[in-house]
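Colleague: Below is one structure. I have some questions about it.
Taken together, the values in this text are just the output of simple stated rules run on the coordinates, not laboratory data. On a predicted model such as this, the values are computed, not experimentally measured, just so you know. Note that each Cβ is placed from the backbone with ideal geometry, even for glycine, and that neighbours are counted across all protein chains shown.
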């Protein structure tokens, strides 16, 4: 896994005051708006019911390459929820990409002891993408802690 940009957001309950405050629009640090955008996206768009304390640690990485597939984002929520976000430009690619991402996400979830894995596919053509992705997803061996979300690209905030 290659990581081209990483931003970790942790609210350290034991902050001794040695850490400088983050500007409200920064991509890192404690209590910035970016972690609130991620939390809102995870709760409202993805429907996650994680308790508040899970959101005390958020790690968001951008432009991750997994097996020649570019993830727009890889998000760790409280070391309990793992999210991969991929943009779909061509639904034909889903036949190849979806099984790989599900397998890799499940493997990372299990190895890192996350509770859940959510794969988010963002597309301009949500109807076609949803049909193709759902048909493929049904054929993939998985458990109840793996979820697929198809969303319109405009619902995907910039993290």
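Colleague: Taking every DSSP beta bridge with both residues inside segment 57-159, roughly what % is antiparallel (nearest 5)? Let's see the in-between values first.
Modeller: Numbers: 13 of 28 bridges.
The antiparallel fraction comes to roughly 45 percent.
Colleague: Now for a different question. Can you give the extra length, in nm with one decimal, that the chain gains between residue 93 and residue 134 once fully stretched, where that is 0.36 nm per residue apart less the Cα-Cα distance? Provide the component values of the computation, followed by the final result.
Modeller: Details: separation 41, 0.36 × 41 = 14.76 nm, distance 1.37 nm.
Taking residue 93 through residue 134 to full extension adds about 13.4 nm, to one decimal.
Colleague: Ranking 68, 135 by Cβ neighbours within 10 Å, fewest first, what do you get?
Modeller: Working: 68 8, 135 12.
With the sparsest Cβ surroundings first, the list reads 68, 135.
Colleague: While we're looking at this one, here's another question. For labels at residue 142 and residue 52 in the simple 7 Å Cα→Cβ model, what's the distance in nm?
Modeller: 3.1
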